[in-house]
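For reference, the structure is listed below as structure tokens.
Just so you know, all these numbers are worked out from the coordinates, no wet-lab data involved. Everything quoted here is computed from the prediction, not taken from an experiment. Here the Cβ is made from the backbone with ideal geometry for all residues, glycine too, and neighbour counts use every protein chain on show.
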Amino acid sequence: MTNSVVENVSHRVAYTVTDAEDTFILPFTFYDVNDLYVYDHSISETIALSSALFTVVLPDTEYGYQGGSIVLHTPVSNSIIELVVDPEIKRLTNFVTAGALNIPELNLQMNYLTSLVKVLRERQDYISGDLTTVLDAYRAETLIYKNDAETAASNAETSETNAAQSAVNAAAEVQAALDAKITVSAFPPPDGVGNVGDLWFTLTQ
């Protein structure tokens, strides 16, 4: 029997399966078969298989199981098999209050704590990465909304300017039309009646 160690490997591994396979290696250290979860992506990526559908082959190691394998009772093909270890957060042993220290139990506890830290760190990295993706998408969407708002405001301003210019142009056209129809004349008046210095406006129909 050899002593297990906690390797720097992920607490989850995925195998892409083409031809029929039933055996998959466990690369990580684990401490309880109940902490193992198997996912067949052709069935579900989020719901683990029942433990009745596979067998765990345990390695001959101390202070945790380093290695071993999962053997499915029914071979699979054209799928992805994902193996995950999810240890509970708990303490496995206590320091003795008298007598010699139980070194094997302490080694087991240290391995277990190291595994917990590693799993929690990987989860944190995963959540942080996922959160970064979400925030990037939010920022991009917000920027789109901001650009749309600025464009709408610019279009509204342009519309107001165009409307004002149209009003000015219309007034100029009216004035030009009036200027073309109104004739201004001084004394003598067109009808011969009036005083010196008077102006007469004649509207041409």
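Figures for the structure shown
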read-out: Backbone HN-Hα couplings from phi across region 44-56 [Karplus 6.51/-1.76/1.60, Hz, Gly and Pro as x]; value: 6, 8, 10, 10, 6, 5, 5, 5, 6, 9, 8, 10, 9
read-out: Distant-in-sequence amide H partners of Glu62 (H built 1.01 Å from N, under 5 Å); value: Thr2, Asn3, Ser4
read-out: Karplus-derived 3J(HN,Hα), 6.51/-1.76/1.60, for each residue of region 64-81, Hz, glycine and proline x; value: x, 9, 9, x, x, 7, 10, 10, 6, 6, 10, x, 10, 8, 6, 7, 10, 9
read-out: Region 39-112: C-alpha gyration tensor shape, a/c 1.5 cut-off, then a/b vs b/c; value: prolate
read-out: Interchain or long-range residues, amide H under 5 Å from Asn102's placed H; value: Val96
read-out: Region 1-88, Rg to Rh (Cα coordinates; Rh as Kirkwood inverse mean 1/r); value: 0.96
read-out: Size of charge dipole - region 1-88 - debye, nearest 20, with Cβ of Lys, Arg +1 and Asp, Glu -1, no other charges; value: 80
read-out: Gain in span if fully extended, Glu7 to Ser159, counting 0.36 nm per residue against the direct Cα distance; value: 48.0 nm
read-out: For Gly68, residues with placed amide H under 5 Å, excluding near neighbours; value: Leu26
read-out: Proximal charge balance of His41 [Cβ under 14 Å; K/R count +1, D/E count -1]; value: -3
